[in-house]
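Engineer: Take this structure first; my questions come after.
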Amino acid sequence: AAPAAGSGGKLAVGIVLPTKDETRWTQDEARFKEALDKAGYQVEILFSEKDSAKEKSNVESLLTKGIKVLIITPVDGTAAASTAAAARAGGAKVISYDRLIRDTDAVDYYVTFDSIAVGAQQAQYLVDKAGATKGNPLYIYAGAATDNNAFIFFQGAWEVLQPKVADGTFVIKNSSEAIALQSKKDLSRDEQAKIIAQVTTDWAPATAKTLAESNLTTAQAADKGNVFVLAPNDDTARAIGDTFAGDKDVKSFVITGQDAAPASVQYIIDGKQSMTVFKDVRTLVNDAISAAVALLENKTPNAKGSYNNGKVDVPAIQSPVVSVDKANVKAALFDSGYYKASDYTGVQ
């Protein structure tokens, strides 16, 4: 493919990612650089430091350099609407990457993993591990309330977990809002927001740790024992899991995650985290680049399905996800070439 550079050597593609403080996004940065360098594309990758104002200034900077396509993961899906509109007004096509920009028609494509499936796989893992037992303590946690993905992940999980709460398999222990809604499988966004407000980790391990400590302090010994934990991603899962592991009344815990973060892969091998949902960033990056190249060449990216962002149905390009635990971690992550087994200890 020809380099994605405009006339006079100006950039044609700009990428704006939300933060370097989460393992997930530094992985994406590395994969973007690797793929774009290999293809000979000129690109600039900027980070927004979890600040919507910084995000907007990043995009404005890229527009002055002549980008024709913006690939952006919004810090706040709703706040980014004005940023997307500015990019559109500046002549750039907008690809919302992994997180959906909401409440604007200035989004051309949404490149994502199947986010409903992420939550559903996390929940199904808990259901499978619970088996026929009843009365299992369930602690639920969610991502950032500003991130549309947190809602989609939660929706996917709730749809699987709710019937098992209704039949007594699980008993929710850390959200009065979830308990109040536990008889309802299909939640409105406002209902989801009420629950997420109580159990948000803000995608931050320190916040997750503090919330888990608070939950365990409030809980009685009878609310512990053999515990099941819906944790939204790997960085928060390790923080929550370490907290539960340190409570003398917690006999065992099954805990979910997502992103296959390197530290959590080691945790899974060591038996300290139960599972992760592996989202092959190589696939997502390639999907985003393919969409960008198509737009640069005035072609139509190959979208399958769409997501409504509150204003329009945004054409979506979706990548599959895979549930990974100790049983298949070698095949899924090492044999596939995603990670090197030599970087980990105890790989069987």
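Engineer: Relative to the first principal axis of the alpha-carbon coordinates of the chain, what is the inclination of helix 205-218, with its axis defined by its Cα atoms, in degrees from 0 to 90 and to the nearest 10?
Structural biologist: The angle comes out at about 20 degrees.
Engineer: Trypsin sites (Lys or Arg not before Pro), restricted to segment 158-242: which are DSSP loop and have at most 12 other Cβ atoms within 10 Å?
Structural biologist: Counting only loop positions with at most 12 other Cβ atoms within 10 Å, the trypsin sites (Lys or Arg not before Pro) in segment 158-242 are Lys184.
Engineer: Principal axis lengths of the chain from Cα atoms, whole Å, largest first?
Structural biologist: Taking the Cα atoms of the chain, the three principal extents are 68, 46, 32 Å.
Engineer: Based on C-alpha coordinates, I'd like the Rg and Dmax of segment 213-278, in Å.
Structural biologist: When restricted to the Cα atoms of segment 213-278, Rg and Dmax are 11.6, 34 Å.
Engineer: Across segment 30-101, what fraction of all alpha-carbon pairs, as a whole percent, falls in each successive 10 Å bin from zero upward?
Structural biologist: 20, 54, 25, 2
Engineer: Treating the angle as unsigned and between 0 and 90°, give the value, to the nearest 10°, between the Cα long axis of helix 148-166 and the longest Cα principal axis of the chain.
Structural biologist: On a 0 to 90 degree scale, this one is about 30.
Engineer: Report the rotationally averaged projected area of segment 177-239 based on its alpha-carbon convex hull, in square nanometres.
Structural biologist: 5.0
Engineer: 7 Å from Cα along Cα→Cβ at both Ser214 and Lys65: what's the point-to-point distance in nm?
Structural biologist: 4.0
Engineer: Right, next: I need the calculated FRET efficiency for the pair Thr345 and Val171, taking r as the beta carbon distance and R₀ as 41 Å, to the nearest 0.05.
Structural biologist: 0.65
Engineer: Given a 1.4 angstrom probe, I'd like the percentage of the accessible area of the chain that is carbon and sulfur, rounded to a whole number.
Structural biologist: Carbon and sulfur together cover 49 percent of it.
Engineer: Here is a further query. Ignoring ligands, DNA and RNA, what accessible area per residue does segment 56-203 give at 1.4 Å, in Å²?
Structural biologist: Result: 34 Å² per residue.
Engineer: Still on this structure, I have one more. Can you compute the modelled spin-label distance between Ala263 and Val312, with each label point 7 Å from Cα toward Cβ, in nm?
Structural biologist: Modelled inter-label distance: 3.9 nm.
Engineer: Diagonalise the Cα gyration tensor of segment 123-185 and give the resulting equivalent ellipsoid semi-axes, square root of 5 times each eigenvalue, largest first, whole Å.
Structural biologist: That gives 20, 13, 10 Å for the three semi-axes.
Engineer: Now, a different point. In Å, what Rg and Dmax follow from the Cα atoms of segment 1-124?
Structural biologist: Gyration radius and largest Cα-Cα distance of segment 1-124: 14.6, 53 Å.
Engineer: Quick check on segment 118-244: what are the equivalent-ellipsoid semi-axes from the Cα gyration tensor, as sqrt(5λ), descending, whole Å?
Structural biologist: That gives 19, 18, 13 Å for the three semi-axes.
Engineer: Between Asp103 and Lys299, what is 0.36 nm times their sequence separation minus the Cα-Cα distance? Round to one decimal in nm.
Structural biologist: 68.0 nm
Engineer: Putting +1 on Lys and Arg Cβ atoms and -1 on Asp and Glu Cβ atoms, find which of Ser183, Thr169, Leu211 reaches farthest to the positive end of the dipole of segment 127-228.
Structural biologist: Thr169
Engineer: Return a whole-number percent for the relative contact order of the chain, with Cα pairs under 8 Å and 6 or more residues apart as the contact set.
Structural biologist: Answer for the chain is 16 percent.
Engineer: How far, in degrees from 0 to 90, does helix 52-64 lean away from the longest principal axis of the Cα atoms of the chain, to the nearest 10?
Structural biologist: It is inclined by approximately 20 degrees.
Engineer: Okay, moving on. Excluding ligands, DNA and RNA, what is the solvent-accessible area per residue of segment 262-348 at a probe of 1.4 Å, expressed in Å²?
Structural biologist: Normalised by residue count, the accessible surface of segment 262-348 is 49 Å².
Engineer: Calculate, axis by axis, the spread of Cα positions in segment 66-140 along the three principal axes, and write the results as whole Å, longest axis first.
Structural biologist: Here the Cα extents, ordered largest to smallest, are 59, 18, 17 Å.
Engineer: So which GluC sites (Glu not before Pro) in segment 21-102 are both in a DSSP loop and have at most 14 other Cβ atoms within 10 Å of their Cβ?
Structural biologist: Glu49
Engineer: What residues have an amide H closer than 5 Å to that of Val171, excluding those fewer than 5 places away on the same chain, when H is modeled at 1.01 Å from N in the peptide plane?
Structural biologist: Long-range HN contacts for Val171: Asn136, Leu138.
Engineer: Name the residues whose placed amide hydrogens come within less than 5 Å of the amide hydrogen of Gly225, ignoring near sequence neighbours (fewer than 5 apart) on the same chain.
Structural biologist: When sequence neighbours closer than 5 places are left aside, the close amide H contacts are Val250, Lys251.
Engineer: Mind scanning Lys56/Lys340; Lys129/Lys279; Lys20/Lys93 and naming the pairs with a C-alpha gap bigger than 31 Å?
Structural biologist: Among Lys56/Lys340; Lys129/Lys279; Lys20/Lys93, the Cα-Cα distance tops 31 Å for Lys56/Lys340.
Engineer: Apply the Karplus parameterisation 6.51 cos²θ - 1.76 cosθ + 1.60, with θ equal to phi minus 60°, to every residue of segment 249-255 and state each ³J(HN,Hα) to the nearest whole Hz, in sequence, with x for glycine and proline.
Structural biologist: Running phi through 6.51 cos²θ - 1.76 cosθ + 1.60 with θ = phi - 60° gives 8, 8, 7, 7, 8, 10, 9 Hz.
Engineer: Using the Kirkwood radius over C-alpha pairs as Rh, can you work out the diffusion coefficient of segment 264-322 via Stokes-Einstein at 37 °C, viscosity 0.692 mPa s, in µm² per second?
Structural biologist: Rounded, D is 236 µm²/s.
Engineer: Moving to a separate point now. How far, in nm, would the chain grow between Ser57 and Ser183 when pulled straight, counting 0.36 nm per residue and subtracting the alpha carbon separation?
Structural biologist: Result for the pair: 40.9 nm of gain on full extension.
The values are calculated or read from the model by the stated rules, or taken from the named source; none is laboratory data. Please read these numbers as outputs of a predicted model, since none were measured by experiment. With ideal geometry, Cβ positions are generated from the backbone for all residues, glycine too; neighbour counts draw on all protein chains shown. Surface areas here come from the heavy atoms of the whole protein model, side chains and all, with no ligands, DNA or RNA. Shrake-Rupley method; radii C 1.70, N 1.55, O 1.52, S 1.80 Å.
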